[in-house]
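Derivation of every value follows stated rules applied to the coordinates shown; laboratory data play no part. Quick caveat: nothing in here was measured; it's all calculated off a predicted structure. Virtual Cβ from ideal backbone geometry, glycine too; neighbours counted across all protein chains shown.
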Amino acid sequence: MTFKGSEAGQSESATSPEATRAPKGAAKRFRIWVIAGSSILLGVVLSVAVALAIQRHNDRVLDALVAQSESDLRTLGAQIAAIKDRQFGTMSEIHCCVCAD
């Protein structure tokens, strides 16, 4: 007959401090691995988010530069068309009009 809390029937290894520490140590190691893995995963996610944000900003800047260049080229094209459409009498008139624009 065994009573609650009695050590009769339990082996020496089951009640030794080393046997009770092993599961605690394993749980602690597991917790450390979970924290380390989560930290690495968080770092990767943050790195990807920062890279995407930087790329998005660079795309916006590039879009603005392309729009500005397009506007400049349209203006230049209009000036070239105006020069080509003029009727010139002499070479000196051509030189004056090109330099004036």
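Modelled label positions at Val44 and Phe30, each set 7 Å beyond Cα in the direction of Cβ, lie 2.2 nm from each other.
Put a dot 7 Å past the Cα of Ala51, heading toward its Cβ, do the same for Lys84, and the two dots end up 4.6 nm apart.
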